[in-house]
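A.B. asks: Just passing along the structure, written as structure tokens.
The values are calculated or read from the model by the stated rules, or taken from the named source; none is laboratory data. As the structure is a prediction and not an experimental result, all values here were calculated from the model. Positions of Cβ are backbone-derived with ideal geometry, glycine not excepted, and every protein chain shown enters the neighbour counts.
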Amino acid sequence: MNKKSGFTLAEVLVTLMIIGVIAAMTIPSLMQNTAQQEYKAGFKKAVSMLNQAVTLNYALDGEDATSFQNENIFHMLTKRLNVMSTFNGDTIYTADGMKLVAGKGNGCQTDNNKIDGYCSVVEVDVNGPKGPNKLTEGTQSVYDIFTVRIYPQRAVPATQGMSDVLYNK
């Protein structure tokens, strides 16, 4: 008598069902973590890009951000970034899909040659028109919109929560 060894159909189906349940539980959190890492990488790129624009403007024209307040920061950014299109005199779409909105500044408040305030604010949407289009408040929930403050010769995250997103893991 020949006896064949193998799995029954019921055993195979139970195994596949267990694998399916585990996949259904883990894939959503994996996708969310992947999206958050993508937003963080885009934010790092945006801060670097804005820092390079401010530095390049100072190196080439000898003007730091104190010379560019309100709508003038928009013109400086369009001159120094790889711009695909602009909209409404304050919105810039870059070649890599980011949307930057140049906001109003507070005039780079100075006190005895010490810079007390930022010159302008830029709102960065790292993935452009794609969702979720929510402002990131802290490290618990990282979304795709961030705020960057432009100081005379640097660009930094606007809040401590955004700095934590940028510099912490």
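A.B. asks: Modelled with pLDDT under 90 and among the polar types (S, T, N, Q), is that true of Asn51? Walk me through how you get there before you give the answer.
C.D. replies: On the way: modelled with pLDDT under 90: no; among the polar types (S, T, N, Q): yes.
So Asn51 does not fit the description; no.
A.B. asks: Still on this structure, I have one more. Restricting to the range 134-153, what's the tally of residues that are more than 14 Å from Gln32 (Cα to Cα) and either touching a Ser or Thr at 6+ places or on another chain (Cβ under 7 Å) or polar (S, T, N, Q) (or both)?
C.D. replies: Of the residues in the range 134-153, the ones more than 14 Å from Gln32 (Cα to Cα) are 134-138, 145-153.
Within this subset, residues satisfying the condition of being either touching a Ser or Thr at 6+ places or on another chain (Cβ under 7 Å) or polar (S, T, N, Q) (or both) are 136, 145-147, 150, 152-153.
Here the count works out to 7.
A.B. asks: Output the residue which, of all residues in the range 130-169 that are in contact with a Phe, Trp or Tyr (Cβ under 7 Å, 6 or more places away or on another chain) and of a type in the set (S, T, N, Q), is farthest from Ala53 (Cα to Cα).
C.D. replies: Out of the qualifying residues, it is Thr136.
A.B. asks: Can you give me the number of residues within the range 33-69 that are over 12 Å from the mean Cα position of the chain (by Cα) and in a helix (DSSP H, G or I)? Give the steps one after another, and end with the answer.
C.D. replies: First pass over the range 33-69, keeping only residues over 12 Å from the mean Cα position of the chain (by Cα): 33-34, 51-69.
Subset that is in a helix (DSSP H, G or I): 33-34, 51-61, 65-67.
Qualifying residue count for the region: 16.
A.B. asks: Now a separate question. Considering only residues that are assigned to a strand (DSSP E or B) and either among the hydroxyl-bearing types (Ser, Thr, Tyr) or under 13 Å from Phe43 (Cβ atoms) (or both), which ones fall in the range 134-169?
C.D. replies: The first filter runs over the range 134-169 and keeps only residues assigned to a strand (DSSP E or B), leaving 135, 145-151, 154-157.
Correct list: Leu135, Ile145, Phe146, Thr147, Val148, Tyr151, Ala155, Val156, Pro157.
A.B. asks: Looking at the range 116-133, which of the residues that are touching a Ser or Thr at 6+ places or on another chain (Cβ under 8 Å) and part of a loop (DSSP other than H, G, I, E, B) is farthest from Gly97 (Cα to Cα)?
C.D. replies: In the first step, residues of the range 116-133 are kept if they are touching a Ser or Thr at 6+ places or on another chain (Cβ under 8 Å); the result is 116, 119, 121-124.
Going one step further and asking which of them are part of a loop (DSSP other than H, G, I, E, B), we end up with 116, 119.
Working: Asp116: 33, Cys119: 25 Å.
Taking the candidates together, the pick is Asp116.
A.B. asks: Could I ask something else about it? I'd like the residue in the range 44-97 that is in contact with a Gly (Cβ under 8 Å, 6 or more places away or on another chain), more than 15 Å from Tyr118 (Cβ to Cβ) and in contact (Cβ under 8 Å) with a residue 24 or more places away in the chain and, out of all such residues, is surrounded by the most Cβ atoms within 10 Å (Cβ to Cβ).
C.D. replies: Phe74
A.B. asks: Another one. Across the range 1-43, what is the total count of residues that are surrounded by 15 or more Cβ atoms within 10 Å (Cβ to Cβ) and of a type in the set (D, E, K, R)?
C.D. replies: Residues flagged as surrounded by 15 or more Cβ atoms within 10 Å (Cβ to Cβ) and of a type in the set (D, E, K, R) within the range 1-43 amount to 1.
A.B. asks: Would you tally the residues in the range 56-93 being in contact with a helix residue (DSSP H, G or I) (Cβ under 9 Å, 6 or more places away or on another chain) and not charged (D, E, K, R)?
C.D. replies: Within the range 56-93, the first condition is being in contact with a helix residue (DSSP H, G or I) (Cβ under 9 Å, 6 or more places away or on another chain), and the residues that meet it are 56-58, 60-61, 63-65, 67-68, 73, 76-77, 79-83, 86, 89-92.
Within this subset, residues satisfying the condition of being not charged (D, E, K, R) are 56-58, 60, 65, 67-68, 73, 76-77, 81-83, 86, 89, 91-92.
So the count comes out to 17.
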